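The values are calculated or read from the model by the stated rules, or taken from the named source; none is laboratory data. Because the structure is predicted, anything quoted here is derived from the model rather than measured. All Cβ positions, glycine included, derive from the backbone under ideal geometry; neighbour counts span all protein chains shown. Heads up: the accessible areas ignore ligands, DNA and RNA and are worked out on the full protein's heavy atoms, side chains in. Shrake-Rupley method; radii C 1.70, N 1.55, O 1.52, S 1.80 Å.
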Amino acid sequence: MTKIVLIEDNHEMRENIEEMLELADYKVLSAENGKIGLELVKKELPDLIVCDIMMPELDGYGVLYYLSKMPETRAIPFIFLSAKTERTDFRKGMNLGADDYISKPFEEMELLEAIETRLKKRQRFQAIMDNDDKWRGFQDAVCDLTGLDDLKDNAQIKSYGKREEIYFEGDSPKWLYYVKEGHVRNFRVTKDDKELVTGLFGAGEFFGYIDLLSKGNYSDYAVALEGAKLALIAKDDFEKIILSNKDVSINFIKLLAGNIADKENELMSLAYNTVRKRVANALSKLYLKYKEDLADRVEVTVTRDELASMVGTATESVIRILSEFKKDKYIKTKGSLITILDYPSLRDYRF
C-alpha cells in the first residue's frame, strides 16, 4: 500500500485530509508539526509527503530543506499545502525542490489528482532509470521531478515555421528551450561552408542548456525542421533553480554526461563506419525521434542536404544510398518526406 506522511498543525484539517486519503486507499502517517514530521519521514521513508507551510517548531520550508540534504529522502515527492498565495511564496517552495503547491482552501479531487500525478511521475522516472535506453525519456523525467515542470508550463511559448532559425552561432544565450511540438536541428558551419549536425531534438526534450551553463555564446545554430512549438524558460529562472536545487543540478549533469556519450559514439561512427552504415544510423536516429506510440512506419521530414550534414558526407552519396535502401524496401521517399518501413534492418545494418 502506498504510504503518505501528512504534516499539518491544524487538528481538524489534519483529520479531514487523513480520512480523505485513507478512503482513497493510501496508508497515512500524520504529524502535528514540522519537527515531528521530519523525524517521521526519516523513520518511515514514505512514497510521498504532504506538508503545510506555516507550522510551529519547524515550518514546511524547513522540513523540505532538511529532507533535501539527505540522500534517502531528497527524492521523495513533496507537496506543499498553504493558505499563502503570493507568487514569491510559491516560487520559494519550488526553488527548494517541492513537486507541487496547493493553496487552501482546495477541492478534494485537486489534492488526490496531484498525489496521483506525482506518484505516476515517480514511477515513470524509476522505469526510465532502470531502462538501458534512457536518455530520450530522461529529460522529461528531469522536468517532472525537479520543479522545472512549473517553469516550462508557465514559460513563454513561441512557434517557429518550417526551417526557421531559432538562434545563431555567436548569439548570447537567453533561454533554456523545451520542445513541446515538432523537431529542432542544431548544426555548425565548417570553414568550407558545410553544415555538420550537432543535435536533433523532439517533443519532451530540452536543448540550449550547455551554452547557458558554460556562460559563453552559442557555438552552433538551431533551426526548426518541419516547424516547432517551444517553451522558452528564462535564463535567470533556470540559473536560480540550478543553484538552489541539488536534484536539478545532478540531473542536468547526467544529461550532459549522456550528451557527451552520444557525441563520442557519433565520432566513432564517423571515423570507422562506412557511409552506408552512417546513413542507416542517421535514419535510425530520426526514426526514434519521430516515432509515436507503437507505430511501425515512421515519416520524417528531412532534406538530402540535412541528412548529408548528419552523416558527414556529400549530398550525392546520400541520394545514392537512399535509392539503394529504397530498393531494399527499408524506406520509401516522396520529396523531402522519408517513410521508414524497416527500422530493425536499418538499426542492425552492418556495412
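The figures follow:
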quantity: Count - residues of the stretch 183-217 that are open to solvent by 20 Å² or more (accessible area, probe 1.4 Å) and at positive phi; calculated: 2
quantity: Matching residues in the stretch 220-241 - criterion: being closer than 15 Å to residue 185 by Cβ and not aliphatic (A, V, I, L, M); calculated: 220, 221, 226, 227
quantity: Selected residue (criterion: surrounded by the fewest Cβ atoms within 10 Å (Cβ to Cβ)) from residues of the stretch 334-345 that are within 29 Å of residue 190 (Cβ to Cβ) and modelled with pLDDT of 90 or more; calculated: 340
quantity: Test result for residue 317, surrounded by fewer than 20 Cβ atoms within 10 Å (Cβ to Cβ) and at pLDDT below 80; calculated: no
quantity: Test for residue 266: is it under 26 Å from residue 227 (Cα atoms), at pLDDT below 80 and assigned to a helix (DSSP H, G or I); calculated: yes
quantity: Single condition residue 9 does not satisfy, out of (1) open to solvent by 10 Å² or more (accessible area, probe 1.4 Å); (2) without any contact (Cβ under 8 Å) to a residue 40 or more places away in the chain; (3) not β-branched (Val, Ile, Thr); calculated: (2)
quantity: Identity of the residue in the stretch 311-349, within 14 Å of residue 296 (Cα to Cα) and assigned to a helix (DSSP H, G or I), that ends up farthest from the chain's Cα centre (by Cα); calculated: 345
quantity: Test: residue in the stretch 297-310 that is touching a residue at least 24 places away in the same chain (Cβ under 8 Å), part of a helix (DSSP H, G or I) and among the hydroxyl-bearing types (Ser, Thr, Tyr); calculated: yes
quantity: The one condition in (1) within 19 Å of the chain's Cα centre (by Cα); (2) at pLDDT 90 or above; (3) in a helix (DSSP H, G or I) that residue 157 fails to fulfil; calculated: (3)
quantity: Sole exception among (1) open to solvent by 70 Å² or more (accessible area, probe 1.4 Å); (2) at pLDDT 85 or above; (3) out of contact with any helix residue (DSSP H, G or I) (no Cβ under 7 Å at 6 or more places or on another chain) for residue 276, by number; calculated: (3)
